[in-house]
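Take a look at the structure below.
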Amino acid sequence: MIEEPHVAKEIKEVCLRLLARREHSQKELLAKLALRGFDKDEVLPVIDELVEQGWQDDLRYAESYARFRILKGYGPIRVSYELSQNGIAALDLDAIVQIEVGGWMALLEQVYRKKYNHDMLLERNEWAKRSRFLLHRGFSGAMIGALFDQLDIRFL
(Lines give C-alpha, C1' and ligand atoms only; values in the text may rest on other atoms or scores of the structure.)
Protein backbone atom coordinates (compact mmCIF):
# COMPACT_ATOMS: atom_id res chain seq x y z
CA MET A 1 0.00 0.00 0.00
CA ILE A 2 2.94 2.34 0.60
CA GLU A 3 4.15 1.95 -3.00
CA GLU A 4 0.89 3.04 -4.69
CA PRO A 5 1.16 6.76 -3.86
CA HIS A 6 4.84 6.61 -4.84
CA VAL A 7 3.94 5.12 -8.25
CA ALA A 8 1.19 7.73 -8.80
CA LYS A 9 3.63 10.48 -7.86
CA GLU A 10 6.22 9.11 -10.30
CA ILE A 11 3.61 8.88 -13.06
CA LYS A 12 2.53 12.46 -12.40
CA GLU A 13 6.14 13.68 -12.49
CA VAL A 14 6.74 11.97 -15.84
CA CYS A 15 3.50 13.41 -17.24
CA LEU A 16 4.35 16.92 -16.07
CA ARG A 17 7.84 16.69 -17.59
CA LEU A 18 6.31 15.62 -20.91
CA LEU A 19 3.63 18.31 -20.78
CA ALA A 20 6.19 20.99 -19.91
CA ARG A 21 7.93 20.37 -23.25
CA ARG A 22 4.78 20.42 -25.40
CA GLU A 23 1.09 19.57 -25.38
CA HIS A 24 0.26 15.85 -25.44
CA SER A 25 -3.01 14.04 -26.01
CA GLN A 26 -4.21 11.57 -23.41
CA LYS A 27 -3.50 8.76 -25.88
CA GLU A 28 0.09 9.95 -26.34
CA LEU A 29 0.64 10.13 -22.59
CA LEU A 30 -0.75 6.62 -22.15
CA ALA A 31 1.54 5.28 -24.88
CA LYS A 32 4.66 7.01 -23.54
CA LEU A 33 3.98 5.85 -19.99
CA ALA A 34 3.34 2.30 -21.19
CA LEU A 35 6.79 2.35 -22.83
CA ARG A 36 8.21 3.30 -19.45
CA GLY A 37 6.54 0.24 -17.92
CA PHE A 38 3.63 1.86 -16.11
CA ASP A 39 0.32 -0.01 -15.94
CA LYS A 40 -2.65 1.58 -17.72
CA ASP A 41 -4.84 1.16 -14.61
CA GLU A 42 -2.33 3.20 -12.59
CA VAL A 43 -1.92 5.85 -15.29
CA LEU A 44 -5.57 6.65 -16.06
CA PRO A 45 -6.43 8.17 -12.65
CA VAL A 46 -3.32 10.36 -12.79
CA ILE A 47 -4.20 11.60 -16.29
CA ASP A 48 -7.77 12.30 -15.12
CA GLU A 49 -6.34 14.35 -12.27
CA LEU A 50 -4.11 16.30 -14.68
CA VAL A 51 -7.15 17.01 -16.87
CA GLU A 52 -9.11 18.31 -13.86
CA GLN A 53 -6.19 20.55 -12.89
CA GLY A 54 -5.87 21.90 -16.45
CA TRP A 55 -2.41 20.49 -17.12
CA GLN A 56 -3.67 18.26 -19.93
CA ASP A 57 -6.42 19.19 -22.37
CA ASP A 58 -7.12 17.23 -25.56
CA LEU A 59 -8.81 20.22 -27.22
CA ARG A 60 -5.85 22.49 -26.48
CA TYR A 61 -3.51 19.78 -27.78
CA ALA A 62 -5.59 19.31 -30.95
CA GLU A 63 -5.71 23.02 -31.73
CA SER A 64 -1.99 23.42 -31.13
CA TYR A 65 -1.13 20.35 -33.23
CA ALA A 66 -3.48 21.34 -36.06
CA ARG A 67 -2.11 24.89 -36.16
CA PHE A 68 1.47 23.56 -36.29
CA ARG A 69 0.73 21.11 -39.12
CA ILE A 70 -1.33 23.64 -41.12
CA LEU A 71 1.51 26.15 -40.92
CA LYS A 72 3.83 23.40 -42.17
CA GLY A 73 1.61 23.09 -45.25
CA TYR A 74 -0.43 19.96 -44.57
CA GLY A 75 -3.99 19.58 -45.81
CA PRO A 76 -7.25 18.59 -44.10
CA ILE A 77 -7.06 14.87 -44.83
CA ARG A 78 -3.54 14.49 -43.44
CA VAL A 79 -4.12 16.66 -40.35
CA SER A 80 -7.41 14.90 -39.52
CA TYR A 81 -5.75 11.50 -39.90
CA GLU A 82 -2.80 12.44 -37.68
CA LEU A 83 -5.13 13.82 -35.01
CA SER A 84 -7.22 10.64 -35.07
CA GLN A 85 -4.02 8.60 -34.65
CA ASN A 86 -3.35 10.64 -31.50
CA GLY A 87 -6.80 10.04 -30.05
CA ILE A 88 -8.62 13.17 -31.24
CA ALA A 89 -11.94 12.33 -32.87
CA ALA A 90 -13.18 15.70 -34.12
CA LEU A 91 -11.93 19.24 -34.42
CA ASP A 92 -13.08 22.21 -36.51
CA LEU A 93 -10.01 22.41 -38.76
CA ASP A 94 -11.78 24.81 -41.12
CA ALA A 95 -11.93 27.50 -38.44
CA ILE A 96 -8.24 27.09 -37.59
CA VAL A 97 -7.08 27.18 -41.22
CA GLN A 98 -9.28 30.22 -41.88
CA ILE A 99 -7.60 32.11 -39.04
CA GLU A 100 -4.06 31.00 -39.88
CA VAL A 101 -3.91 31.20 -43.70
CA GLY A 102 -7.34 32.21 -45.00
CA GLY A 103 -8.68 28.80 -46.00
CA TRP A 104 -7.68 25.45 -47.44
CA MET A 105 -7.41 26.69 -51.03
CA ALA A 106 -5.13 29.54 -49.93
CA LEU A 107 -2.94 27.03 -48.11
CA LEU A 108 -2.93 24.66 -51.09
CA GLU A 109 -1.87 27.45 -53.44
CA GLN A 110 0.82 28.57 -50.99
CA VAL A 111 2.22 25.02 -50.73
CA TYR A 112 2.13 24.60 -54.51
CA ARG A 113 3.82 27.92 -55.30
CA LYS A 114 6.53 27.34 -52.69
CA LYS A 115 7.48 24.00 -54.28
CA TYR A 116 6.90 24.57 -58.00
CA ASN A 117 7.36 27.18 -60.72
CA HIS A 118 4.20 28.49 -62.29
CA ASP A 119 4.43 26.43 -65.49
CA MET A 120 1.05 26.43 -67.14
CA LEU A 121 1.64 23.54 -69.52
CA LEU A 122 3.11 20.37 -68.02
CA GLU A 123 4.11 16.96 -69.29
CA ARG A 124 1.68 14.31 -68.05
CA ASN A 125 4.34 12.77 -65.77
CA GLU A 126 5.16 16.15 -64.19
CA TRP A 127 1.46 16.91 -63.70
CA ALA A 128 1.01 13.51 -62.01
CA LYS A 129 4.11 14.05 -59.86
CA ARG A 130 2.83 17.40 -58.62
CA SER A 131 -0.61 15.95 -57.96
CA ARG A 132 0.89 13.08 -55.95
CA PHE A 133 2.93 15.52 -53.88
CA LEU A 134 -0.19 17.50 -52.98
CA LEU A 135 -2.19 14.32 -52.29
CA HIS A 136 0.58 13.15 -49.96
CA ARG A 137 0.37 16.51 -48.17
CA GLY A 138 -3.28 15.74 -47.41
CA PHE A 139 -5.24 17.67 -50.00
CA SER A 140 -8.12 15.98 -51.83
CA GLY A 141 -8.15 15.29 -55.54
CA ALA A 142 -11.04 17.74 -55.93
CA MET A 143 -9.05 20.49 -54.21
CA ILE A 144 -6.02 19.80 -56.40
CA GLY A 145 -8.16 19.82 -59.53
CA ALA A 146 -9.69 23.13 -58.46
CA LEU A 147 -6.22 24.59 -57.85
CA PHE A 148 -4.99 23.48 -61.28
CA ASP A 149 -8.12 25.00 -62.86
CA GLN A 150 -7.66 28.21 -60.88
CA LEU A 151 -4.01 28.50 -61.95
CA ASP A 152 -4.91 27.32 -65.49
CA ILE A 153 -2.44 24.43 -65.32
CA ARG A 154 -2.87 21.81 -68.04
CA PHE A 155 -0.91 18.78 -69.18
CA LEU A 156 0.21 17.86 -72.69
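Residue-normalised convex hull volume from the C-alpha trace of the chain: 121 Å³ per residue.
Measure nothing but the geometry: give the 0 to 90° angle between the long axis through the Cα atoms of 40-53 and the longest principal axis through the Cα atoms of the chain, rounded to 10°. Its long axis makes an angle of about 80 degrees.
Remark: accessible surface ordering of MET143, MET105, MET120 (largest first) is MET120, MET105, MET143, probe radius 1.4 Å.
With all protein chains in place and a 1.4 Å probe, the accessible surface of segment 21-106 carries 53 percent carbon and sulfur. I'd like the orientation of helix 76-85 relative to the chain: the angle between its Cα long axis and the longest Cα principal axis, in ° from 0 to 90, rounded to 10. Result, in degrees: 20. Pairs of lysine residues in segment 4-136 that meet both criteria, 8 or more places apart or on different chains and Cα atoms under 21 Å apart, total 13.
Surface exposure of segment 2-117, expressed per residue as accessible area with a 1.4 Å probe, stands at 60 Å². Tell me the angle of helix 104-115 to the major Cα principal axis of the chain, expressed in degrees between 0 and 90 and rounded to the nearest ten. Approximately 70 degrees, to the nearest 10.
The values are calculated or read from the model by the stated rules, or taken from the named source; none is laboratory data. What you are looking at is a predicted structure, and each value in this text was computed from that prediction instead of being measured. Ligands, DNA and RNA are excluded from the accessible area calculation, which covers all protein heavy atoms including side chains. Shrake-Rupley method; radii C 1.70, N 1.55, O 1.52, S 1.80 Å.
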